[in-house]
Structures are given as structure tokens and as C-alpha cells.
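One structure is given below, encoded as C-alpha cells.
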């Protein structure tokens, strides 16, 4: 299966490592032979129709900071050009999420779909801003559009709600969808101030370069958009979310909650309205997870409320979700 | 789809209620038209090849304590005879679990498979004692064998591990798989004695008629057998489980655990060995759920540890899992 990989950060690098370490098993068990024919990052690109070497890609990136130095002559082919010129079956989009215009991911995804390529995106920007139209474009071009890694990292939250609960009607859901703010709020619960807790999270590398994505609830809101569209069949985008971040949560709020055996958590919920806001949750509620964990509780008509908890991010975890999507595409194609 | 229903207790009654209330939606969305052609309980049976009336079945059971009085003349056809004489596509086995010889469920399932019927079982007995051979028998007779409701009630734990985590390798798992003992241990955590907590659970109807199934860990062990076979590909039965119940847990043990910020939980785990025993768990571990809740944590190679929490029992919840199995069978048959 020929793959173009957009972006070669932590997730992209872990993905090719996964391809490398599991190549035999993937072929034997699933008939999947991933062949990466093109990779690009913000500084350059590497192309080989017969398949790039996984180890060499990671090494080149480590050594030079770009895959552009993979071959002897530096390759400066832009992502846009690669998507026009190189033939592939699947585009994997892993560039950074951007909630202003969703670029460059949006252009990558649209170009690929128009050329008949299946798309896997772990970039939430395009989905947050244009989920309904991207789904239409995929249908129109008869390609598959997969995005398991956008919600829950390696924890298959979307799949659980869509597939494991098939035949069941989900009536509402609520969850902690951003690990960084959960880490900050958890630390504030032990008496640490907001500023100290933020600093600690930054030191640990948990906070996005644009801290607003975490602190103002944008990341959680983007995931809520994806869940609302995919699970509840709504047609919504980011502006439809009523969103408040954690910047105004005070030590006082946390103390007050503790007196009532509650914790303050940044909750994204879908229950008539779509809302992201700090809320008081009983401390023995399964949703009340600590640290960087994510959790989501789906309430269904007949099987009660079910909670899934897992790491919501991480390079290898997110790479594993891309692999799942790829196996689905492989299976669908084989079934044609 | 023609169905024979073995057992007409809480689960069976909820199932026909579900068929009744969702008949339009099931047909429109999934093309499923469930036709129950035979039902039997321990005292009698009802048969109608053109389909029994759902409302009348429930009413008859309520009024006379058996479906045998469904028609004007009491029907005494035994379950065994029904399975020999009546034609159907699917057998749904809901009689009580029994871990001595798994009867009468075992005979029902074997007879149905031999006659080419697909089987859905929420009865854990036959699976606990003979999972590997039942699976072989199903394969040999080319029928589907489904048992979603045996673990987690309406919470699709087996499906999550098998399907949502496809492409991933689960290396170990541990869980609270019995709600009754969790309820008792949770109450003991608030200072209530074992005897009082047991009495309370009995008053609430949480404890099995044969209390040993809960208290000695047999129910949890049976679920562990099912998970080990289905998820980990092991070929084991009940005698392979190292099983200790909660009868010897003392107030002292609980106090000692509390000092270390831990709770005592009855944990079923698969990690080289298959064990059910009371264990000390940190109180902020996602697995530490209270009351009658069930929880299970799967540790995978690449996507970390993921925990699912939900009600592990309940008539309607378990009925909803049977419906899921039925939709799977419907889909498979349609795809033929």
C-alpha cells in the first residue's frame, strides 16, 4: 500500500518505527505491506516510488532536522507539489492542528481526496472547521476518511462508540478530552497554584506551543466537534461549541469543590447543547481521572453509562491509531 | 429471523420487550425482524412457527409464572424436545449459569449447533467449562457462536478488546468482573462489617441464589475464562483459574489498605497466570470503581493501558448485548 506522509514529527516518526518493527506481523496477519513513497516536513521532502527506508528516514530527521536530506541532493519539493505529482493510495496527515484556517492540513486532505486517495488524519484542525464538508467530499470522491487518532490518541474512543455500541442509541456523553488541562487541574487539587501548575506542565512538555489550544479549551472543543458529528450525526463545526477554558479556575473554586467531595474538571459534553467548561464532578465518579489521563462517559438508552479511560496523547499511542485506520482501509480495499 | 429462547427470566423478558419497543427501528435500520418461534422456562413452553406475541408472553409469565400457559392448553414440551423439533435460525440461551456440569445450557447449545443453528449465550456455565470445545463445535457446524453478554452485561468489553483494539497486541489485563462482591467490599470500605454488607447486598437482590458463585469468585473466574480464550487465544477452562473469593477479607485488611491510600478489590487478572483474588489497589487507579460497577483495564503493546467501566449486569443491559449479537448474525447472514 503506497503512502504519502504529511508531517514528520513525533507521531510520524513513531509510525514508521511501528511499520518497521511490525512489518512481518502486519504482512502475515493482515496482508498489509506499507510502502511510504513520500514524506514531507516543513523544511523538505523525501520521495521514492519503490518505498523509502524507515530507519534512514528517522535517522535523517534526527541528524538534519528534516527529511529533505534523505537523498544526496536536498529535495525541496513542497507538500502541495508532492500531492499533485506522486501517486499513492493513502495520505496520512500529521501536521499540527490549527483552528484559524486549518492549513496546511486542509489543503493536503482536499487535494488527496480529489485525486482519489484515502485519507487518515490525526490533525484535528480540518475536522474541527469543516467536518461535514470533508465527509461529503470523501463520499463524492468515493474515498475513505479515517481519523481515529484525533480523539483519545491510542484509546479507540470513536470506534467504541460507533462500533462496539452498534445497535444502541447514545443519548448523551461527557468527557475529559484534554490531558494537559487535566494535569494542571489535578495538580491544583493538591494545593499548587495555577501559575505553578502551568509552569510544571510546560516544563514537562505537555503544553502546546500555542498554549491557548489547551488552556482556552480549543483542543477539547475540536474533539467535541468530531464526536458530535461522528457519533451523534450532528453537522457542527468549532463555532457551534460553547467554550470556556481553565484560565479563570481559582484555588478557591477547587477548595469549595473539595468540601463537597468534588473535583473541578474541564468537561466537554453533548447533551442538547455542546459545551466545554470547567465543572464540579463527584470525586468517586468514574470520569474523575487524574494526571494527563482522558476519560469519556457515554450514556446509552439500554446499556447504561459506560466510561472509557486511557492516555489521550503520545507519539506511539497516536501512531497505533493510524495503524488501526490503515488496517481498516486495507480490509475494505481487499473486500472490493 | 426465527429464534428459540431458552429461559424466560429477567433477561429473556427484557429481550422480548426490547424487540417489541424497537421493532420498527430494528427493521428499518438493520433489516432485522426477530420472530420468536419458541420459548421455554423450567415449567413449560410456548410455540408458534408464525411468531409468538411479545406482549402476551410477558403477561403470561407474570400471571402464571410460566410461558406454558401462553396457549389455551398448557404446553409441556421440554426444552430438549423443542430443540429437536422446532425449526429456527438462532438459539438464545439465557438459563442460569451452573459451574458443576453447565446443564441444562450445555445440552441446549450443543443440540442447537448440531442442528445448524447459530447460538447466542448469556449463560456463562457452558463457556466456563468447555469454551475451547464449544468454539470447535461451532466451527465444525459452520454456525456463529456469540456471547457478548457473558462479560460486562451491556458493557461491550469483549467487543472492545477484540475489535476496537484490532491491530494491537494486548499483553495483560485485570478487572473487577463481579458487581456483587464489589458492592460488598465498597460498603466494607465505609466501616460496615462483612456480614452486614452481605446482608444488605442480599436484601437488594444482588446476590445469586447460590451465594458461592459471587462470594467464592466463581462468577468472576468464569468471566476470566471467557476473556482468556476469546481475547488472549488461550485454551483454558474453569479449573485453570487460581481462584480465591472475598469471604476471608476482614475489616483489618481494609483498614490496613486505607492507610496506604488503597482499597481492597476482587481482581480477576491475566498476566502469565490466571488469577481471581482480593487485592490492594491504589484508590486513584481508574480500576477502583465503587458500588456494583465493573471495570477492566487492558494493557496493550502500543496504546498503553485502557480502562472500561460500566454496569456489569442488569436485565435490560444484558438484553441489549443479545440484541447486538443478533444484529451481528443478521449482518453476517445478509453478507453471505
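Every read-out reported here was derived from the displayed coordinates using simple, explicitly stated rules and does not represent laboratory data. Computed from a predicted structure; not experimentally measured. Every residue, glycine among them, receives a Cβ derived from its backbone with ideal geometry; neighbour counts consider all protein chains shown.
The range B:1-49 and the range A:13-32 have Cα centres lying 45 Å from one another. Structural descriptor for chain B: relative contact order 19 percent, calculated from alpha carbon pairs under 8 angstrom and at least 6 residues apart.
Remark on chain A: ratio of C-alpha radius of gyration to 2.2 N^0.38 Å is 1.02.
State the percent of C-alpha pairs, over all pairs in the range B:1-128, separated by a distance greater than 20 angstrom. For the range B:1-128, the share of Cα pairs beyond 20 Å comes to 40 percent.
Ordered by the count of other Cβ atoms within 10 Å of each Cβ, fewest first, A:288, B:6 give A:288, B:6.
Annotation for residue B:35, label-to-label distances across the other copies: 5.2 nm (shortest first, one decimal, point 7 Å from Cα along Cα→Cβ). Work out the P(r) tail for the range A:232-289: percent of alpha carbon pairs separated by more than 17 Å, whole number. So the portion of pairs separated by more than 17 Å is 47 percent. Averaging Cα coordinates gives a centre for the range A:203-242 and one for the range B:149-174; these two points are 28 Å apart.
The alpha carbon centroids of the range B:289-336 and the range B:74-141 are separated by 21 Å.
Expressed as a fraction of 2.2 N^0.38 Å, the rule-of-thumb size for a compact globular protein of N residues, what is the C-alpha radius of gyration of the range A:78-169?
Working: Rg = 13.7 Å, N = 92, 2.2 N^0.38 = 12.3 Å.
The range A:78-169 yields a ratio of 1.12.
Under 8 Å for C-alpha pairs, at least 6 residues apart: give me the relative contact order for the range B:157-311, rounded to a whole percent. Before the final figure, lay out each step's value.
Details: 276 pairs, mean separation 53.3, N = 155.
Relative CO of the range B:157-311 lands at 34 percent.
Extension gain, residue A:28-residue A:64: 0.36 nm per intervening residue step, less the Cα-Cα distance, totals 9.5 nm. Computed from the Cα positions only, the extents of the protein assembly as shown along the three principal axes stand at 87, 58, 46 Å, in decreasing order. With viscosity 1.567 mPa s and temperature 4 °C, the Kirkwood radius over alpha carbon pairs of the range B:157-311 converts through Stokes-Einstein to a diffusion coefficient of 82 µm²/s. With respect to chain A, whose longest principal axis is taken over its alpha-carbon atoms, helix A:105-114 is tilted by about 50°.
Here residue B:259 yields copy-to-copy label distances, from shortest upward, of 3.3 nm, the label point defined as 7 Å from Cα along Cα to C-beta. With its label point put 7 Å out from Cα toward Cβ, residue B:271 sits 3.5 nm from the same residue's point in the other copies, in order from shortest.
Between the helical axis of B:54-64 and the longest alpha-carbon principal axis of chain B there is an angle of about 70 degrees.
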